[in-house]
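Engineer: The structure follows.
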Amino acid sequence: MKREFSPATTLYCLIGNPVSHSKSPAMMNAAFQAMGIDAVYLAFLVPDKEVGSVLNALKTINVGGINVTAPHKERVIEFLDELSPTAELSNAVNTIVPAGDKFLGHNTDGVGLVSAIKAELSIAVSRARILIIGAGGAARGVIFSIAKEKPHTLTIANRTIDKAKFLKDKLKAEFQSANDVNGIKTIKAISLDQNLINSEIDQFDIIINTTALPISPAISPVKADETTTSPKIDFLGLNLTNMKAGALFYDLNYGKGNGDIARVFKENGIIYSDGLTMLLHQGTHAFSLWTGQTPPLEAMKDALGLG
Ligand code: NAP
């Protein structure tokens, strides 16, 4: 169906650098169209030094809502009027909601990831043994929502151990009592120690890659033959193929994987998802915040090729 725009059409947008890879415009425009909302969603490449002036301009023209992607999720905060508790905790904003003359900062990445794991993959986060790889902005954005689900254990592994420790301390401070952090048995911060993690990789129910390093290509050899054993997925020195059957490997990155990765995970009985399902659900939560309406899930899925 052809879309009509008018002087009354409301602008929504994504700001980041880069933005050319983003599937948010396709997803959000499909959502507005499915709901018959007179709005358009565009992606704007915004250099770091222009973040403030772009936000001011968007406020002046009564933007309907803004998504924020890397590297501006932290930078935008100084230009906002209020933060939601989750945005405050994670010190990162991915959704800006205009309210009168104010801009309110939210973070829907965490609820998006949890919804993706539960609704799209039918996997329980509660009571799961979870390993988070990375402790950067994306990890900060998702970890508090994961902790709220009361996993059994939460281990944060990062190349720079201090950043993992910082997150662990923040979680413990937020959820109090060190022995029973929101029902979580243990919260650990470890360095990205390949030997240590490989020795217990089959203990985790869920492993989440929050680094910007895609796990593909990390497969060797691509096809097993008579002279080799089964192919394995080696990511940062971690042998993911040794995860237990039924466990989930979730990669926050999307659009970078390949069919071989999915095939090898499947052959080993490991559930694998890239970040497209999280993009979908962080988007449905943003849509609700902006419009107050129930998001058209199927139309958004179709736009992402998840239908
Ligand atoms: P970031 O703040 O730059 O953090 C990067 C993380 O990767 C840090 O923990 C860093 O470790 C680690 N790292 C980088 N290079 C490494 C290496 N060579 N070896 C080991 N560790 C390495 O990035 P971010 O903002 O968290 O974003 C991460 C990814 O998440 C991006 O690709 C983003 O697109 C994706 N994301 C996806 C969604 C979605 O909806 N699907 C939402 C949000 C983010 P150090 O601390 O040691 O440097």
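The values are calculated or read from the model by the stated rules, or taken from the named source; none is laboratory data. This is a predicted model, so every value here is computed, not measured. Quick reminder, even Gly has a Cβ in these numbers, built from the backbone with ideal geometry, and neighbours come from all protein chains shown. For accessibility, only protein heavy atoms count, side chains too; no ligands or nucleic acids. Shrake-Rupley method; radii C 1.70, N 1.55, O 1.52, S 1.80 Å.
Engineer: Can you tell me which residues in segment 25-77 are under 19 Å from the mean Cα position of the chain (by Cα) and among the acidic types (D, E)?
Structural biologist: E74
Engineer: Name the residue, out of F5, F79, F32, that is aromatic (F, W, Y) and more than 20 Å from T291 (Cβ to Cβ).
Structural biologist: Result of the check over F5, F79, F32: F79.
Engineer: Let me ask you something else. So which residues in segment 114-129 are β-branched (V, I, T) and within 16 Å of the ligand (Cβ to nearest atom), if there are any at all?
Structural biologist: V114, I117
Engineer: Continuing with this model, one more query. Out of segment 130-174, which residues are away from the ligand (no atom under 16 Å from the Cβ) and free of Cβ contacts under 8 Å to residues at least 24 places away in the same chain?
Structural biologist: Within segment 130-174, K172, A173 qualify.
Engineer: Inside segment 249-280, can you point out the residues that are within 14 Å of the ligand (Cβ to nearest atom) and touching a residue at least 60 places away in the same chain (Cβ under 8 Å)?
Structural biologist: Within segment 249-280, Y250, L252, Y254, G255, S273, L276, T277, M278, L279, L280 qualify.
Engineer: I've got another one for you. Applying the selection to segment 13-54, what residues are open to solvent by 20 Å² or more (accessible area, probe 1.4 Å) and part of a helix (DSSP H, G or I)?
Structural biologist: Once the filter is applied, which keeps residues that are open to solvent by 20 Å² or more (accessible area, probe 1.4 Å) and part of a helix (DSSP H, G or I), segment 13-54 yields P25, A26, N29, A30, Q33, A34, M35, D48, K49, E50, S53, V54.
Engineer: Please return the ranges of strands (runs of 3 or more DSSP E) entirely within segment 84-165 where 1 or more residues are modelled with pLDDT of 95 or more and within 16 Å of N67 (Cα to Cα).
Structural biologist: 95-99, 102-106
Engineer: Could I ask something else about it? Within segment 50-92, track down each residue that is touching a His at 6+ places or on another chain (Cβ under 6 Å) and of a type in the set (S, T, Y).
Structural biologist: S84
Engineer: Now a separate question. Could we say that I215 is modelled with pLDDT under 80, within 14 Å of the ligand (Cβ to nearest atom) and either farther than 22 Å from A147 by Cβ or aromatic (F, W, Y) (or both) here?
Structural biologist: Taking the combined requirement at face value, the residue satisfies it.
Engineer: Out of all the residues in segment 238-251, which are open to solvent by 30 Å² or more (accessible area, probe 1.4 Å), assigned to a loop (DSSP other than H, G, I, E, B) and touching a helix residue (DSSP H, G or I) at 6+ places or on another chain (Cβ under 8 Å)?
Structural biologist: Result: K244, single match.
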